[in-house]
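The values are calculated or read from the model by the stated rules, or taken from the named source; none is laboratory data. None of these values were measured; they are calculated from a predicted model. Here the Cβ positions follow ideal geometry from the backbone for every residue, glycine too, while neighbour counts run over all protein chains shown. Heavy atoms of the whole protein, side chains included, go into the accessibility calculation; ligands, DNA and RNA do not. Shrake-Rupley method; radii C 1.70, N 1.55, O 1.52, S 1.80 Å.
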Amino acid sequence: MFARRQPKRHRHQPALPQASSHGIDEIVEIGEDAAGSAATAAAAIASELNDGEQVAASETKVHGLKRSLSARHLSFISLGGTLGTGLFISAGTSLATAGPGGALVAYAFLGGIVFFLMSSLGEMATFMPIAGSFNEYSSRFADPAIGFALGWNYWFNYVCVTASELVAAGIIMRNYLPHVNGVVWSLVSAAILLGLNLFSVRGYAEAEFWFAAIKVVTVIVFIVVGIVVAAGGLGHHTYGFENWKIEGAPFHDGMPGILATLVLTGYAFQGTEVVGIIAGEAADPVRTVPKAIRQVFWRILLFYVSCIFIIGLIIPYDDPSLVSASTENIGQSPFTMVFSKAGLKPAADIMNAIILTTVLSAGNSCIYIATRTLWNLAMNGQAPAVFRKVTRSGIPIYSLALSLGIATAVFLLSLIGNQVVYTWILSLAGVTGFVSWLGIAFSHIRFRGAYVRQGYGVNDLPYKSVLYPFGPALCFVVITVIVFGQGWPSFAGGTFHAQTFVTSYVSIPVTIGLYLFWKLWKRTKWVPLEDADIVRDSIFDPDSDVYAPGRNSRESRQLLVDSHESISSVATGIKHDFVEKLEK
């Protein structure tokens, strides 16, 4: 459209050779091609740097399992995981053991420990979201023998807990239909658990969503009613802090009472780690797992700490009913007692229904956890390969069959004689939940050490744990004290109680035995930090379904180096072709 304007030459400037119009066009064409090549290269690099920042929430597969759990599922499953019989029934025992102040301190302190623990788990599970992750992390970052011992212990623990939930379901249903044998209801509950876990992971997730919703509503209603009762709005009595001023309160039995309550509180909090298990089937773990982890602190503060505070205001710690609450005697649950003081006459029946929901929810989560843990053990060669089998809908079918089958068998043992065998089997599960927590804290310390040793940037982690390394170190110390201190009643009063001692600690030598078995049989070696398998199945792994290009700064720096070399090569070619054309 416009004629090219020739540059004006200085009078004494020698004239350059006049290039033909054809030559100029060729030079322009070369420049345009080079510019196009450079633009294409830059666009590709930008794409590499930006792709993966957002992981699609569509359903994808990982080793046969399906990533089909939404943010809604993850939030409510993690929310409901902290609410169970440990709160609805056992909170009264904590109050009776330590008094209102001691129980509050125990719940708040251990709640902080659990928050640090879940923060550690969140860092690993967001970076490397694997179903049945605890044993895998220990195997990769420490020693495969540790992963083997933790994995089988964790599986057995949740099989046994499933069995105990089946027993509880039968007991609760007897309150409604006393003429029907409780075994029938227990087997019906087992069939329900099978149905919820058999067809797709969404079946488990949807059930947990609604179970959690019921529990959350119950707790919120309880908090509101409890505040009104304590203030004298219901029940025609103003409690205030009068139960904090009775003899022995607020810190009954001092520090020993608080330490004893820490053990009870620890059992109540177990199950929060389910977030690390379900991360392997979350549609968008990089986004949803951190969100669920961040909610842990507020869940603990709102639900556990608030509830134990309100119970301590209304019910005196020396009320004998507090230590008699059970699935057989829901009427003595502190929740039932508070509702009764508010004038809600059918409180026991309401709590019966809620506890039944809680039992089914716990059984549902436990069988899911056991199934994925066994599947993960099989995937790592630590269990028979048959348990790797996954259906088209993403269900580890044989792992589910064995887990629920063993749980049902353990339940049936409760019907034999005076339940001696059943009691000893549950004792074997004992402290395995706490041992798993130890594994999480220890694995996180090893993970972060290996991650930094291998030159990866901490800022590249999609979620960073709170107060590292203080958080996991404190967790490890406190949980170790709980594991070895939970059997202190066997020495109390100057008399040694052998049965209490054995039932408290029998699971520890079993764990050590599993470790030594795998260590000696497979001759496993301690994994040096520089050799730990950090990348596989992580957001840095190009073969992973959660791969996020651009998150790895080492990879980004290499891309920039490669792009610089590519652009330099293009520029050199342009210069060479330009000079050749001028010379012609």
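Which residues, counting only those in region 323-336, are touching a residue at least 24 places away in the same chain (Cβ under 8 Å), over 19 Å from Glu165 (Cβ atoms) and surrounded by fewer than 23 Cβ atoms within 10 Å (Cβ to Cβ)?
First, pick out the residues of region 323-336 that are touching a residue at least 24 places away in the same chain (Cβ under 8 Å): 323, 325-328, 330, 332-335.
Now drop any that are not over 19 Å from Glu165 (Cβ atoms), which leaves 323, 332, 334.
Within region 323-336, Val323, Gln332 meet the criteria.
When region 423-458 is filtered for residues that are polar (S, T, N, Q) and crowded, with 20+ Cβ neighbours inside 10 Å, the ones remaining, listed by number, are Thr432, Ser436, Ser443. Condition first: assigned to a helix (DSSP H, G or I), of a type in the set (Lys, Arg) and either touching a residue at least 60 places away in the same chain (Cβ under 8 Å) or open to solvent by 50 Å² or more (accessible area, probe 1.4 Å) (or both). Can you find one or more residues in region 382-392 that meet it? There is at least one residue in region 382-392 that is assigned to a helix (DSSP H, G or I), of a type in the set (Lys, Arg) and either touching a residue at least 60 places away in the same chain (Cβ under 8 Å) or open to solvent by 50 Å² or more (accessible area, probe 1.4 Å) (or both). Against the test of being under 20 Å from the mean Cα position of the chain (by Cα) and among the aromatic types (Phe, Trp, Tyr), the options Phe251, Phe297 yield a single qualifying residue, Phe297. Filtered by the rule that a residue be open to solvent by less than 10 Å² (accessible area, probe 1.4 Å) and either within 23 Å of Val410 (Cβ to Cβ) or in contact with a strand residue (DSSP E or B) (Cβ under 8 Å, 6 or more places away or on another chain) (or both), region 133-147 gives a lone residue, Asn135. Taking the conditions exactly as written (out of contact with any strand residue (DSSP E or B) (no Cβ under 8 Å at 6 or more places or on another chain), within 21 Å of Ile300 (Cβ to Cβ) and not small (Gly, Ala, Ser)), does Val216 satisfy them or not? Yes: the conditions hold for Val216. Taking region 177-223 as the range and being of a type outside the set (Val, Ile, Thr), out of contact with any Leu (no Cβ under 9 Å at 6 or more places or on another chain), open to solvent by 50 Å² or more (accessible area, probe 1.4 Å) and assigned to a helix (DSSP H, G or I) as the test, the residues that pass are Ala191, Trp210.
Of the residues that make up region 118-135, is at least one free of Cβ contacts under 8 Å to residues at least 40 places away in the same chain and assigned to a loop (DSSP other than H, G, I, E, B)?
Quick first cut of region 118-135, residues free of Cβ contacts under 8 Å to residues at least 40 places away in the same chain only: none.
Checked against the condition, which is being free of Cβ contacts under 8 Å to residues at least 40 places away in the same chain and assigned to a loop (DSSP other than H, G, I, E, B), region 118-135 yields no hits at all.
Does Asn181 qualify as being among the polar types (S, T, N, Q) and in contact (Cβ under 8 Å) with a residue 40 or more places away in the chain? The answer is no for Asn181.
Checked against (1) open to solvent by less than 50 Å² (accessible area, probe 1.4 Å); (2) under 17 Å from Tyr137 (Cα atoms), Ile482 passes all but condition (2). Can you give me the number of residues within region 532-569 that are at pLDDT 90 or above and either over 24 Å from Glu123 (Cβ atoms) or crowded, with 16+ Cβ neighbours inside 10 Å (or both)? Of the residues in region 532-569, 8 are at pLDDT 90 or above and either over 24 Å from Glu123 (Cβ atoms) or crowded, with 16+ Cβ neighbours inside 10 Å (or both).
Just to be sure before I move on: is Gln499 without any contact (Cβ under 8 Å) to a residue 24 or more places away in the chain, open to solvent by 10 Å² or more (accessible area, probe 1.4 Å) and among the polar types (S, T, N, Q) in the structure I sent?
On the way: without any contact (Cβ under 8 Å) to a residue 24 or more places away in the chain: yes; open to solvent by 10 Å² or more (accessible area, probe 1.4 Å): yes; among the polar types (S, T, N, Q): yes.
Here the answer is yes, as Gln499 does meet what is asked.
Yes or no: Gly226 in a helix (DSSP H, G or I), touching a Ser or Thr at 6+ places or on another chain (Cβ under 8 Å) and open to solvent by less than 30 Å² (accessible area, probe 1.4 Å)? Walk me through it before giving the result.
Numbers: in a helix (DSSP H, G or I): yes; touching a Ser or Thr at 6+ places or on another chain (Cβ under 8 Å): no; open to solvent by less than 30 Å² (accessible area, probe 1.4 Å): yes.
For Gly226, the condition - in a helix (DSSP H, G or I), touching a Ser or Thr at 6+ places or on another chain (Cβ under 8 Å) and open to solvent by less than 30 Å² (accessible area, probe 1.4 Å) - is not met.
Consider region 245-293. How many of its residues are among the acidic types (Asp, Glu) and under 23 Å from Ala96 (Cβ atoms)?
To start, the set of residues in region 245-293 that are among the acidic types (Asp, Glu) comprises 247, 253, 273, 281, 284.
Filter once more, so that each one left must be under 23 Å from Ala96 (Cβ atoms): 247, 253.
Number satisfying all stated conditions: 2.
Looking only at region 67-112, which residues are within 10 Å of Thr261 (Cα to Cα) and either open to solvent by 10 Å² or more (accessible area, probe 1.4 Å) or among the aromatic types (Phe, Trp, Tyr) (or both)? Result: Thr93, Ala96, Thr97, Leu104, Val105, Tyr107. Checking each residue in region 236-254 for being part of a loop (DSSP other than H, G, I, E, B) and buried (at least 18 other Cβ atoms within 10 Å of the Cβ) picks out Tyr239, Ala249, Pro250, Phe251, His252.
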